[in-house]
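Worksheet for the structure shown next.
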Amino acid sequence: MSLSLLRDPSALEAYARDVSGLRTVPEAVARPESAADVQELLRMAAMDGACVTAAGAQTSTTGASVAERGWLLSTRAMARIIDIDPVARIARVEPGVLIGDLQRACAPHGLFFAPDPTSEEECTVGGAIACNASGPRTLRYGPTRAHVRALTAFLADASEFTARRPGVEKNTVGYQLAHDPVDWFVGSEGTLGIVTMAELSLLPLPPRVLGLGVPFPDEPRALAFIVAARQSDAVHPRCLEYFDADAFGIVRTAMDDAAWAPRAGAMVYLEDAGDDEPPLDAWLALAERCDANAGEVRAFDGEHALREARRMRHAAPAAMHERAAPFLPQGGRRMSTDWAVRYPLAAQALAEARRISTAHGVAPAVTYGHLGNGHPHQNFIARNPDEVKKIEGALAETLRAIIAMGGTVAAEHGIGKVKSKWLGLQVGVHQLAVMRALKREFDPEGRLAPGNIL
Ligand SMILES: Cc1cc2nc3c(=O)[nH]c(=O)nc-3n(C[C@H](O)[C@H](O)[C@H](O)COP(=O)(O)OP(=O)(O)OC[C@H]3O[C@@H](n4cnc5c(N)ncnc54)[C@H](O)[C@@H]3O)c2cc1C
């Protein structure tokens, strides 16, 4: 049992920030080691009337894993992989397991967990469930939601709640939103309950995976290639990741390879995977048709090379965090967009977003991300509160344009505290009322993760 509440200032400070740059010092920190600990801590919190915010590895970019008030409950000491059933292709895990550790445990069984946030070596399964995280491979396999079969959570009143997907292929029992409570918890950002166990679906590792880095002279041609790849019958990408000129520069530095396509204006990293040999010739033909820098295409073949490609992909957000770090003490921070549109509209949306930020006098963003899903991350560095305000102005206008194109304000990082002001842009009054009703049902006193989402 680990039921003591840490209250010394250095312990509180250690949990006061997530990656959003927000800093709020919790009143106390709890580090439960089991579901029974979580239940007891929630009982204690209920008696005290204390709020409780769950935190995994605190890689949230939206302030979701810092405690606006009350206690912070860290799940890092609940990091057991309970079991892996290779026949049923199921893993049962505690919430504090890092996704990277889960992948390493599954690999000897010839299996993998499909969600692959770029932060997989730093983020927990509980955090991925609570944010419905996704990653490059989401293009083929869908986000975390699609891979959670069942979960156990403890609610604000310390009662246990178990949800299991019904598994039936037909169901006409009333409103669809009440069919599957697993869906309520996936993406709920700690506001409905604390997840203590998840049962996850696993997939067989594809025997053949080929990665290609395809440089282009400019952004329009790179984005046209992504659309063509999605619409082609000859190729079957499992990821299509975009890097603008600046982001490609970060990649070159990470790979210590200044000579790779030095004049390219953009780069697309793709993977093709399956039982058969990936169609390299078809990919090269498509790249050539889209005016790629054909002589500079780089193949990532084999496990070592694919790991290198993941490191390259991770370098982009990591470098942006490093660039922002010196400005944190004076109120600056990294500001990253998470909007998405239908993939054929991505080029138009990105051009409009760039036009808007220039009109607001904002320095150009470094842009990369999951353009195969119509989902770029524009990364701005605000050096001080004035620049934060200016960028927020540009973002507000950008997000209105994105909503007008039928897009979303938050495709994978959730709403948290930083983006709750944008929720009303996308969600109508009836949808908001339904969300509030669900919150009231599970947490009538509003003590779980206050400030997140609503
Ligand atoms: C370099 C970098 C790259 C990233 N790349 C991606 C990416 O590709 N795709 C993506 O989707 N995200 C990405 N992220 C964002 C982030 O890593 C994900 O949202 C991740 O899923 C958060 O996991 P975590 O363990 O850090 O959770 P935390 O940040 O600690 O928490 C996130 C949310 O989950 C809740 N929570 C945590 N554990 C529980 C639990 N047991 N029960 C209930 N609620 C809980 C918290 O209250 C909070 O609301 C990236 C972040 C960084 C820093």
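The values are calculated or read from the model by the stated rules, or taken from the named source; none is laboratory data. Keep in mind that this is a model prediction, so the values were computed, not measured. Cβ placement follows ideal geometry from the backbone for every residue including glycine, while neighbour counts extend to all protein chains displayed.
Look through P364, P326, P344 and report the one residue that is touching a Lys or Arg at 6+ places or on another chain (Cβ under 9 Å) and part of a loop (DSSP other than H, G, I, E, B).
P364
Applying the selection to segment 19-33, what residues are closer than 24 Å to A158 by Cα and either surrounded by 20 or more Cβ atoms within 10 Å (Cβ to Cβ) or basic (K, R) (or both)?
Matches in segment 19-33: P26, A28, V29, A30, R31, P32.
Tell me, yes or no, whether segment 239-250 has at least one residue that is farther than 21 Å from G374 by Cβ, in a helix (DSSP H, G or I), under 24 Å from the mean Cα position of the chain (by Cα) and at pLDDT 95 or above.
Scanning segment 239-250 turns up at least one residue that is farther than 21 Å from G374 by Cβ, in a helix (DSSP H, G or I), under 24 Å from the mean Cα position of the chain (by Cα) and at pLDDT 95 or above.
Given the conditions (1) within 16 Å of the ligand (Cβ to nearest atom); (2) farther than 30 Å from W260 by Cβ; (3) touching a residue at least 60 places away in the same chain (Cβ under 8 Å), and given that P204 satisfies all but one, which numbered condition is not satisfied?
It fails just one condition, (1).
What's the number of the condition A46 fails, among (1) in a strand (DSSP E or B); (2) more than 24 Å from the chain's Cα centre (by Cα)?
Result: A46 fails condition (1) only.
This table checks each residue for (1) surrounded by 14 or more Cβ atoms within 10 Å (Cβ to Cβ); (2) of a type outside the set (D, E, K, R); (3) farther than 28 Å from S336 by Cα.
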| residue | (1), (2), (3) |
| --- | --- |
| L3 | yes, yes, yes |
| R17 | yes, no, no |
| A35 | yes, yes, yes |
| G49 | no, yes, yes |
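Return the only residue of A105, A64 being modelled with pLDDT of 95 or more, within 23 Å of R311 (Cα to Cα), among the hydrophobic types (A, V, I, L, M, F, W, C) and under 22 Å from the mean Cα position of the chain (by Cα). Please lay out each step first, then the result.
On the way: A64 fails: within 23 Å of R311 (Cα to Cα).
The conditions single out A105.
Restricting segment 78-101 to residues that are within 12 Å of the ligand (Cβ to nearest atom), touching a residue at least 60 places away in the same chain (Cβ under 8 Å) and outside any strand (DSSP E or B), which is surrounded by the fewest Cβ atoms within 10 Å (Cβ to Cβ)?
Going through the qualifying residues, I end up with E94.
Any chance you could count how many residues in segment 19-65 are among the basic types (K, R) and within 14 Å of the ligand (Cβ to nearest atom)?
1
Quick one: would you say A319 is more than 20 Å from the chain's Cα centre (by Cα) and of a type outside the set (D, E, K, R)?
Spelling it out, it is not the case that A319 is more than 20 Å from the chain's Cα centre (by Cα) and of a type outside the set (D, E, K, R).
Might you let me know whether segment 437-449 holds any residue that is outside any helix (DSSP H, G or I), within 12 Å of the ligand (Cβ to nearest atom) and small (G, A, S)?
yes
In segment 427-454, which residue that is touching a residue at least 60 places away in the same chain (Cβ under 8 Å) and among the hydrophobic types (A, V, I, L, M, F, W, C) is nearest to F161 (Cα to Cα)?
The qualifying residue nearest to F161 (Cα to Cα) is F442.
Does segment 372-386 include one or more residues that are without any contact (Cβ under 8 Å) to a residue 40 or more places away in the chain, in a helix (DSSP H, G or I) and surrounded by fewer than 23 Cβ atoms within 10 Å (Cβ to Cβ)?
First pass over segment 372-386, keeping only residues without any contact (Cβ under 8 Å) to a residue 40 or more places away in the chain: 374-375, 386.
In the following step, the residues that additionally are in a helix (DSSP H, G or I) were identified as 386.
Checking the rest, the ones that are also surrounded by fewer than 23 Cβ atoms within 10 Å (Cβ to Cβ) come to 386.
Looking for residues that are without any contact (Cβ under 8 Å) to a residue 40 or more places away in the chain, in a helix (DSSP H, G or I) and surrounded by fewer than 23 Cβ atoms within 10 Å (Cβ to Cβ), one finds at least one in segment 372-386, hence yes.
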